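These notes are about the structure you will find just below.
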Amino acid sequence: MEPLEHPDLVRLGRTLRRRLDATLQAEQAAARAAALRRRSLRDRLLDAEDRIEEVIVSTSDGQLQRGLVEAVGIDHVVLSDGGGSRFVALQYIVTVEIR
């Protein structure tokens, strides 16, 4: 019998593998949660731009802007609805709905 194929070592190996896999899953879940907590409005709008998602943005003056995210700058987002582009300053955005 090979020394590494001893039944006790095989059982120990399986137990260690299960524990390592469980630890890895817990660490990955914690990393995902931490990354989501650190995401800013700009980060989410960049994701919407990459995914070609439509957004509805409400601003502090009560207006609603709807369109595809065409570009995201440091302090603004550009929305396009097919008829033209609109710049919206991030500091004036109150809510964002992403579809």
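Does segment 29-64 hold any residues that are small (Gly, Ala, Ser) and part of a helix (DSSP H, G or I), and which are they?
29, 30, 31, 33, 34, 35, 48 - these are the residues of segment 29-64 that are small (Gly, Ala, Ser) and part of a helix (DSSP H, G or I).
Does segment 26-43 contain at least one residue that is in contact (Cβ under 8 Å) with a residue 12 or more places away in the chain, closer than 13 Å to residue 93 by Cβ and not aliphatic (A, V, I, L, M)? Steps first, answer last, please.
First pass over segment 26-43, keeping only residues in contact (Cβ under 8 Å) with a residue 12 or more places away in the chain: 41-42.
If we keep only those that are closer than 13 Å to residue 93 by Cβ too, we end up with 41-42.
Applying the additional criterion that residues be not aliphatic (A, V, I, L, M) yields 42.
Yes - at least one qualifying residue is present in segment 26-43.
Among the numbered criteria (1) assigned to a loop (DSSP other than H, G, I, E, B); (2) touching a Lys or Arg at 6+ places or on another chain (Cβ under 8 Å); (3) aliphatic (A, V, I, L, M), which one does residue 78 miss?
(1)
For every residue, the table says whether it meets (1) at pLDDT 90 or above; (2) surrounded by fewer than 11 Cβ atoms within 10 Å (Cβ to Cβ).
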| position | (1), (2) |
| --- | --- |
| 5 | no, yes |
| 9 | no, no |
| 25 | yes, yes |
| 42 | yes, no |
| 55 | yes, no |
| 61 | yes, yes |
| 70 | yes, no |
| 75 | yes, yes |
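The values are calculated or read from the model by the stated rules, or taken from the named source; none is laboratory data. From a predicted model like this one, the values you see are computed outputs, not experimental measurements. We place every Cβ from the backbone using ideal geometry, glycine too, and count neighbours over all the protein chains shown.
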